[in-house]
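Read the structure below first, then the notes.
The values are calculated or read from the model by the stated rules, or taken from the named source; none is laboratory data. Everything numeric in this text was worked out from a predicted model, so none of it was measured. Glycine gets a Cβ as well: all are built from the backbone with ideal geometry, and neighbour counts include every protein chain shown. Keep in mind that these areas ignore ligands, DNA and RNA; they rest on the heavy atoms of the full protein, side chains included. Shrake-Rupley method; radii C 1.70, N 1.55, O 1.52, S 1.80 Å.
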Amino acid sequence: MKKKYLALASICAGTLFLAACGNLGSSGTTDSVSQATQQSTKGYQTTGQTDDSDYQGVIENGRYLTSKARGVGIIQNSENMLNLKSFENGLTTLSKEQFPTKDYIFREGQLLSKATVTDWLGRKSKDNPTGLNPEDNGEKDADKRNPIYVQQIEEQDYMQEKDGKLTLAGITIGIGMNRKDYYQKEEYGAMYTTDISKEKMVEEGKKAAAEVLKRVRKLDGASDVPIMICMYEQAPNDSLVGGSFYAYSVTDSGDTLGKWKDTDLRSSVLPATATSSAINDNDESSFEAFKNKTQSFFPNLAGVTARAKYKDKTLQELHVNITTQFYSETEIRSFTQFVAKMAKTYLPGGIPIDITIKGSDGTVQAFLARETGNSSFYTHVFAE
């Protein structure tokens with residue numbers, strides 16, 4: 001949840017009340033700067049940590065190293081940007097099981113270039129022999145054409161210190177797979193969809209993973225480090241939540257995939273809809289009580305929804321979004337106070353929860369958050 005506080009701090013930077021946010025994570029920030037400064041004497045810098053459950057990041061030549069190919073697939077062929085966030089967050093979460101935060105430092109992917117990932121995500125052809133997707137068979141009908149199965153690929157590097165230098169010690173590769181492939185029969189024409197069965201998605205995913213592993217092994221520094229490959233099912237474009245990882249494989253050495261393991265990770269939208277059923281009925285009931293109570297006291301609400309993340313059908317975290325039609329600061333403050341009270345009363349305990357309150361124009365009006373182990377919510381109203 002401290003990530004949420006840092007995100008909140010960045011939002012505050014764009015307001016006239018920056019000073020009001022200055023106390024957020026201040027002790028963690030101080031420690032981070034000190035730690036990064038100390039480590040610079042070893043020949044490298046890190047971002048430091050605000051929480052030992054998160055990775056330190058790598059700073060090189062005074063700048064944070066960004067990914068060379070972040071978001072290539074999503075930008076090309078998907079309107080659901082929640083897929084990108086869910087993909088990246090889930091990939092890091094899974095990596096923590098293989099590469100613990102106390103032993104490894106995180107580096108954005110530096111081995112796979114944007115051009116390489118773009119080619120891999122393309123169709124296989126004479127001009128693009130490295131394409132992981134099947135060649136275009138010329139068909140336009142949804143049931144006859146060869147769909148795009150592999151939608152996105154992302155690399156994450158995990159580093160360790162050796163002789164005062166950071167050395168690549170592990171790699172995680174995420175592969176996003178389509179259940180729905182969106183396409184046009186003609187440029188600027190209507191959008192059509194090819195549905196892909198779960199079984200076919202898994203089959204094609206295993207083929208792609210095996211090929212990606214062989215290719216990554218040939219890259220500089222990747223020949224003898226553990227490689228974790230995680231498979232992700234993309235959410236449809238109209239989904240209110242991102243997709244989820246469904247399996248992963250770890251290979252310590254060599255270019256043969258290890259045994260596949262299920263992740264039991266799922267995302268759900270609350271309240272449940274016709275296309276998204278509740279994963280846990282108790283969580284659904286709790287959220288409905290929170291929603292109904294909130295709307296009964298403050299009827300000028302355009303919507304109350306949430307994105308819930310589960311593991312083994314157990315709720316892990318909850319992200320609530322409330323859209324209001326309030327314009328008065330006093331209304332927003334009173335509403336924020338009431339939401340904090342209702343959230344404490346009705347929403348599940350023992351998990352991290354954040355609540356974002358926005359106006360109908362999308363402007364963030366208030367933010368509430370509770371960390372694991374806390375009973376009360378931190379609140380902040382963005383004044384003008």
Return yes when Glu371 is in contact with a strand residue (DSSP E or B) (Cβ under 6 Å, 6 or more places away or on another chain), under 22 Å from Asp51 (Cβ atoms), open to solvent by 30 Å² or more (accessible area, probe 1.4 Å) and not aromatic (Phe, Trp, Tyr) and no when it is not.
-> no
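Give the residue, chosen from Thr324, Thr345, Thr336, that is over 16 Å from Gly242 (Cα atoms) and touching a Leu at 6+ places or on another chain (Cβ under 6 Å). It would help to see each step written out before you state the result.
On the way: Thr345 fails: touching a Leu at 6+ places or on another chain (Cβ under 6 Å); Thr336 fails: touching a Leu at 6+ places or on another chain (Cβ under 6 Å).
Exactly one of Thr324, Thr345, Thr336 is over 16 Å from Gly242 (Cα atoms) and touching a Leu at 6+ places or on another chain (Cβ under 6 Å), namely Thr324.
Looking for whichever is basic (Lys, Arg) and within 27 Å of Lys102 (Cβ to Cβ) here; the options are Lys200, Lys162, Lys144. Which one fits?
Numbers: Lys200 fails: within 27 Å of Lys102 (Cβ to Cβ); Lys144 fails: within 27 Å of Lys102 (Cβ to Cβ).
None of the others qualify; the one that does is Lys162.
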Which of the residues belonging to the range 217-273 are modelled with pLDDT of 95 or more, aliphatic (A, V, I, L, M) and under 19 Å from Glu88 (Cα atoms)?
-> Ile227, Met228, Ile229, Met231, Ala247, Val250
Of the residues in the range 26-85, those that are among the polar types (S, T, N, Q), modelled with pLDDT under 55 and closer than 25 Å to Lys165 by Cα come to Thr29, Thr30, Ser32, Ser34, Gln35, Thr37, Gln38, Gln39, Ser40, Thr41
Residue that is farthest from the chain's Cα centre (by Cα) [pool: residues in the range 345-368 that are open to solvent by 20 Å² or more (accessible area, probe 1.4 Å) and β-branched (Val, Ile, Thr)] | Thr345
Residue pairs within 6 Å by beta carbon, gap of at least six or interchain, first lying in the range 171-189 and part of a strand (DSSP E or B), second open to solvent by 70 Å² or more (accessible area, probe 1.4 Å) and of a type in the set (Phe, Trp, Tyr), listed first then second, are Tyr183/Tyr192
Looking at the range 191-199, is at least one residue at pLDDT 95 or above, in a strand (DSSP E or B) and open to solvent by less than 50 Å² (accessible area, probe 1.4 Å)?
-> yes
In the range 258-279, what count of residues is obtained for those that are closer than 16 Å to Glu203 by Cα and either open to solvent by less than 40 Å² (accessible area, probe 1.4 Å) or outside any loop (DSSP other than H, G, I, E, B) (or both)?
-> 3
Counting only residues that are open to solvent by less than 80 Å² (accessible area, probe 1.4 Å) and over 16 Å from Gln295 (Cβ atoms), which one in the range 317-328 is farthest from the chain's Cα centre (by Cα)?
-> Ser328
State the number of residues belonging to the range 202-236 that are in contact with a Leu (Cβ under 9 Å, 6 or more places away or on another chain) and either open to solvent by 50 Å² or more (accessible area, probe 1.4 Å) or not in a helix (DSSP H, G or I) (or both).
-> 14
